[in-house]
Every structure is written in C-alpha cells, then in structure tokens.
Amino acid sequence: MSTQTATPPALTHHSVAPDRPKRSMPALIRHSAALAQRSLIKTIRTPEALIDVTIQPVIFLLLFTYLFGGAIADGDRHAYLQFLLPGMLAQSLAMGGVALGQNLNADIEKGVFDRFRSLPISRSAPLVGAVLADVIRYLTVCVVMLSFGTIMGFRVETGVVPAIAAVALSIGFGLCFCWISVWVGMLARTSGAVQGIMFLLVLPLTFGSNVFVSSETLPGWLQAFVAVNPITPLVGAIRGLLVGGPVAGDLLQTLAWMAGLLVVFVPLALRAYAKRA
Amino acid sequence: MEDLVVRAEGLRKRFGKTQALDGVDLAMRRGTVLGVLGPNGAGKTTAVRVLATLLRPDEGSAFVAGIDVLKRPQDVRRVVGLTGQYASVDEDLTGVQNLVLIGRLLDMTGRDARQRADELLAWFDLAEAGQRPAKTYSGGMRRRLDLAASLVGHPEVIFLDEPTTGLDPAKREDMWGVVRNQVASGASVLLTTQYLEEADALADEIVVVNHGKVIAHDTPDGLKRRVGGQTLRVRPADQSRLPEVLQVLDAVAAPGMTAVRDEAAGSRPGAASVPVTGDAALAGAITQLSRSGIEVTELALHLPSLDEVFHTLTGRTKTEELV
C-alpha cells in the first residue's frame with residue numbers, strides 16, 4: 001500500500017459537511033432507493049436465492065395439479081389448474097416474504113447495519129429499502145407461475161387489464177405481508193429461527209384457506225378459520241381477476257388487510273430494529 | 001478553553017449484569033489521536049459505540065465536534081466516520097459499489113460518489129480489486145475497504161475500533177500510515193487498541209481503561225515513565241553464555257536497574273532482559289556482545305505488554321483480575 005508516500009490533495013478535510021445538492025425527493029425515499037439497489041445487486045449476484053420464487057412454486061404447481069388434481073377434481077385436471085393457480089400464486093407470495101426476514105437478520109449479525117446506523121439517514125431506510133427490493137421477487141413469482149401455468153394449460157379467462165390488476169394486487173399484498181417477516185427477522189436470534197417461525201405462520205395460513213379446495217368441503221370449525229384468514233379474500237380476488245367471478249368484495253377485504261398489516265407490523269418492525277443494537 | 005473535539009463525562013452503560021461503562025470521562029483535542037488502551041471486555045467498544053451514536057448510555061453526556069450525541073445524533077453522524085472491530089463491508093457488493101452506496105447515503109450525487117469511491121480505492125491500493133465482490137478480498141483488503149467506507153464523507157472525527165487486530169505486522173504498519181495521514185489532513189482520530197506499542201506509535205494521548213473505568217490518562221511518554229519504558233531482551237544461541245549476557249546488559253541498564261533472566265510465566269526461558277532508557281543502549285549492547293563473540297538468536301527492544309502495564313497501574317495482573 002502506498003499510503004505513506006502519496007497523499008492526494010483531494011483528501012483534505014472540510015470543516016463543514018460537503019455541499020449537498022438540493023433534491024426534490026424526500027431523504028427517506030432517496031436513501032431507501034439506494035439501499036434497495038444494494039439488495040437488488042445482491043439478488044442478481046446470488047440467483048440461487050431466487051429458488052423459492054421460481055423452481056419451488058413450479059414444483060408445487062406440478063405436484064398438486066398432476067398428483068392430487070385428478071382425485072380432487074374428479075379427473076378434470078384443467079379445471080383444477082384453473083382453480084389452483086390463482087391460489088398458489090397467493091401462497092407463493094406469502095412464502096416469498098420469508099427470505100427477507102432471514103436476510104435482514106443475517107445482515108445485522110454481520111455488522112453491515114452498524115455502518116448504516118452510523119450514517120445520517122432515517123432509521124427506517126435500511127428496512128424500507130430491503131422491502132422495496134423484494135418487489136422484484138414478487139414480480140418473479142407472478143411471471144414464473146403465469147408463464148409455466150400457461151405451458152401446463154392454464155388460461156386467463158378475463159383479459160389483459162384484470163390480469164395486470166391481479167399481478168399488481170399480488171405484489172402489493174406481498175409488500176405488506178413481508179413486514180411480518182421483517183419484524184420476526186429483527187426479533188429472532190438466528191436466520192434459521194426466522195425461517196422456522198415464519199413457516200409456522202405461513203403454512204397454516206396458506207393451507208388452511210381456499211387455495212387447494214373450495215371451503216364448502218371443509219368441516220365447520222375449519223370454515224370459520226378460513227373465513228377470517230387474510231389469504232382467503234386475496235385468493236378470491238386473484239381468482240376473480242384471472243378466471244372470472246365476483247371481485248369487489250374480496251378486493252376490498254384484501255385492501256383492508258393490507259392496510260392493517262402495514263399499520264401493525266411496520267411500527268413493530270421499526271421498534272424491534274431500533275432496540276436491536 | 002481547549003478545543004475538545006470529543007468530550008464525554010460520566011458515561012455509564014450496563015448490559016444485564018455487566019457494567020460495561022462505569023463512569024468514563026474522555027477528552028480529545030482537535031487534530032490529535034487519542035488512544036484508548038485496554039484488554040478485551042474493558043468497555044472500549046461500548047464507549048466508541050456511544051460516541052458514534054449507535055448506543056445510548058444509561059447515564060452521562062457526550063459531545064462530538066461540539067454536538068450533543070444524545071440530543072442531536074443525526075448531526076453527529078454527519079461529521080463522524082466509524083470503522084468497527086469487524087469489517088462491516090457488504091460481501092456481495094464490489095469495492096466500488098460498497099463505497100458508492102455510502103456516498104449516496106451521504107447525499108452525494110451519483111457522479112461525486114463514484115469519483116470519491118475511485119479516489120479512496122486508489123489511495124487504499126484497492127483500485128484493481130474495485131470491481132470484484134468484497135467476499136473475494138483478503139482480511140487486510142476488507143479492513144482497508146471498511147476504513148475507506150468510513151472516510152467517504154470527509155469526517156472530522158474518525159473512530160477506529162481495534163483497526164489492526166488480526167492484521168500481520170506489515171499490514172499493521174500500513175494502517176498506522178493511514179491514521180497518520182488522516183491526522184495530517186486535519187482529522188481527529190480516536191482509536192482503541194490492546195497494544196501499548198500501537199498507542200505509543202500513533203497517539204498524542206493515551207487513556208487506559210479497565211472494567212469500564214479510566215485508570216490512566218497521560219501522554220505516551222508520561223505513561224511509559226509510569227509503567228517503565230523499553231526493555232532490551234537478548235537470547236544467546238549458547239545457553240551457557242547467559243551469565244555473560246547478564247553482565248553486558250547490566251552495563252547498559254537504566255539507572256538503578258539490573259538485568260534479569262526471563263522467567264515470567266509464558267515466556268520461553270534462556271533469555272535475559274533489562275529496562276533501558278534510550279536507543280543508545282541497544283547499540284551499546286550490540287557492540288559489547290559482538291566484541292565478546294556471543295552469538296544471539298533474539299535481540300529486541302520491547303515496550304511493556306498490556307499485561308505489564310496493568311500490573312504496574314493496578315498492582316494486579318490482568319489474569320488475576322479475571323479470576
């Protein structure tokens with residue numbers, strides 16, 4: 001290292017902070033965007049981290065369509081695929097958020113967040129940035145499932161605009177739901193624990209719903225659970241938008257759930273982050 | 001009044017049953033290096049984390065560059081740079097991306113951030129590695145990148161938490177050069193270390209901490225006067241000539257001191273050492289040894305180890321205190 005010999009004049013210290021150009025964008029958005037870019041670079045550099053939003057949902061789709069589909073839908077696999085795919089989209093979104101909490105937990109353990117905390121940025125920017133970058137994962141789930149589903153014989157029965165709305169709703173829900181994972185990521189001691197806790201939550205929510213079978217076939221107590229499960233109206237709305245049927249009621253319920261998730265879990269996650277030194 | 005760039009009074013912080021800081025006072029003059037010397041668990045890292053706004057103390061007050069750390073942490077963050085004990089670079093990002101990210105979080109334009117990143121990478125001899133992910137870097141390269149990251153915003157005050165722990169001696173000297181250059185260009189540096197040698201090489205003043213308390217605050221020379229200065233150690237190739245070595249060392253000893261065989265716990269027997277006052281003693285000993293035809297396998301000037309410093313300052317050894 002040539003540090004002793006060369007001292008470029010550019011390294012002189014200013015007694016005041018360097019001039020900051022006036023920007024119109026609020027600092028939180030600007031800093032979150034920079035941190036989201038960091039997460040995106042990491043995603044691109046480790047494509048194997050996308051398995052849970054690419055190969056895994058495809059395997060589930062194949063498994064349920066060809067292994068159980070015949071038995072569940074009296075041999076009409078195409079009809080079952082039309083019923084199943086919108087539901088599995090919702091399930092994959094809920095599962096797709098688990099990795100976020102794990103990654104944030106690992107980042108904190110490694111000390112990367114110490115650096116961020118020593119910078120003059122909003123405390124929430126590292127979390128908001130990481131959540132924003134997760135959009136790419138939810139978009140990937142939608143694209144992979146719809147493309148692979150089409151190869152398997154799935155057809156959108158509504159139109160381009162409702163289909164786009166279904167994708168938008170899916171991504172939006174994913175962005176709200178993942179704050180639970182962020183919160184757990186701040187509380188759990190290891191990233192393995194984050195996964196364990198999150199699956200304890202996500203599995204009953206996604207299987208105890210109308211994803212795989214119509215809820216009329218279920219015993220009464222389970223119907224009661226399905227009725228209050230946030231995944232149920234989400235599946236209903238996506239189903240309506242992709243293959244037809246009523247949308248409005250489920251859509252409103254889903255939007256209400258999304259708002260509720262944000263109101264409860266964003267403050268919880270931020271507080272847990274602030275506490276975790 | 002003195003121009004103090006770091007001023008902390010009565011800092012206390014408890015983690016569960018551990019009193020990490022037990023009333024720490026610190027003062028660092030602008031444009032100087034303050035060395036915070038102490039063993040593992042002394043509270044060095046906790047003190048740095050409080051000053052860098054990562055941790056709120058239970059009690060006490062702290063000002064950095066005249067700004068209240070507790071009341072205006074966001075303003076403190078604008079003027080400080082922090083390099084932690086463990087290199088906190090993002091392994092998946094390249095060197096350039098790591099530094100550009102910091103620049104953008106400091107509200108630099110994309111172009112300025114890139115320019116600053118290139119400048120720092122060149123300066124830290126990482127220009128060629130700049131496009132590689134940091135996970136491919138060696139330990140020393142990561143340390144340098146981490147230090148570069150803390151300098152992106154031209155901080156007035158730099159906190160270095162054990163910057164050379166785990167580095168080999170050559171890399172350690174490089175890091176010392178970096179610190180001296182930062183001070184030469186106007187920064188003030190607070191560094192923690194476990195080595196008196198490092199504090200002596202860099203610091204204008206040294207604070208010795210133990211169990212969350214400051215047990216000494218002095219200049220390096222003042223501290224060395226209190227704990228004994230350098231020790232000259234000689235190990236003859238032929239053990240039977242040790243008595244002659246003792247005579248040679250007695251002749252160059254500091255006033256009132258005599259040479260002794262090294263029998264301290266942990267040191268390899270077969271050597272002799274003596275407290276000396278200046279470098280002339282080294283030359284004198286070499287001349288005398290070669291005149292007598294005594295071959296040596298070790299001949300070195302040592303500063304007291306941290307253990308010896310503690311022994312002198314507290315009357316107890318570090319190991320005893322841990323029991």
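The values are calculated or read from the model by the stated rules, or taken from the named source; none is laboratory data. Keep in mind that what you see is a predicted model, and the values were worked out from it rather than measured. Using ideal geometry, Cβ is built from the backbone for each residue, glycine included, and neighbour counts are taken over all protein chains shown.
Points worth noting:
- Matching option when the condition is outside the structural domain of B:V178 (by TED's automatic domain parsing) and more than 26 Å from the chain's Cα centre (by Cα), among B:D75, B:D112: B:D112
- Odd one out for A:G69, checked against (1) at pLDDT below 90; (2) within 14 Å of chain B (Cβ to nearest Cβ): (2)
For every residue, the table says whether it meets (1) within 10 Å of chain A (Cβ to nearest Cβ); (2) free of Cβ contacts under 8 Å to residues at least 60 places away in the same chain.
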{"site": "B:L26", "(1), (2)": "no, no"}
{"site": "B:G43", "(1), (2)": "no, no"}
{"site": "B:E59", "(1), (2)": "no, yes"}
{"site": "B:R72", "(1), (2)": "no, yes"}
{"site": "B:Q85", "(1), (2)": "yes, no"}
{"site": "B:D90", "(1), (2)": "yes, yes"}
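- Verdict on A:L104 being within 20 Å of the chain's Cα centre (by Cα), within 10 Å of another protein chain (Cβ to nearest Cβ) and closer than 22 Å to A:K275 by Cα: no
- The condition (being outside any helix (DSSP H, G or I), hydroxyl-bearing (S, T, Y) and modelled with pLDDT under 80) is satisfied by just one residue among B:T277, B:T312: B:T277.
- Number of positions in the range B:116-146 that are among the hydrophobic types (A, V, I, L, M, F, W, C) and surrounded by fewer than 18 Cβ atoms within 10 Å (Cβ to Cβ): 2
- When A:Q253, A:Q223 are screened for being in a helix (DSSP H, G or I) and within 20 Å of the chain's Cα centre (by Cα), only A:Q253 passes.
- Every test in (1) without any contact (Cβ under 8 Å) to a residue 60 or more places away in the chain; (2) surrounded by 20 or more Cβ atoms within 10 Å (Cβ to Cβ) is passed by A:L252 save one, and that test is (2).
- Test for B:L145: is it outside the structural domain of B:T53 (by TED's automatic domain parsing) and either in contact (Cβ under 8 Å) with a residue 24 or more places away in the chain or on the phi > 0 side of the Ramachandran plot (or both): no
- Of residues in the range A:14-35 being surrounded by fewer than 20 Cβ atoms within 10 Å (Cβ to Cβ) and of a type in the set (G, A, S), the one modelled with the highest pLDDT: A:A33
- Of everything in the range B:152-173 that is farther than 19 Å from B:G35 by Cα and at pLDDT 90 or above, the residue that is nearest to the other protein chains (Cβ to nearest Cβ) is B:H154.
- Candidates in the range B:178-219 are the residues that are part of a helix (DSSP H, G or I) and touching a residue at least 60 places away in the same chain (Cβ under 8 Å); of these, the one that is surrounded by the fewest Cβ atoms within 10 Å (Cβ to Cβ) is B:E197.
- Looking across the range B:100-138, the residues that are charged (D, E, K, R), assigned to a helix (DSSP H, G or I) and facing chain A (nearest Cβ under 9 Å) come down to B:R104, B:D112, B:R116, B:E119.
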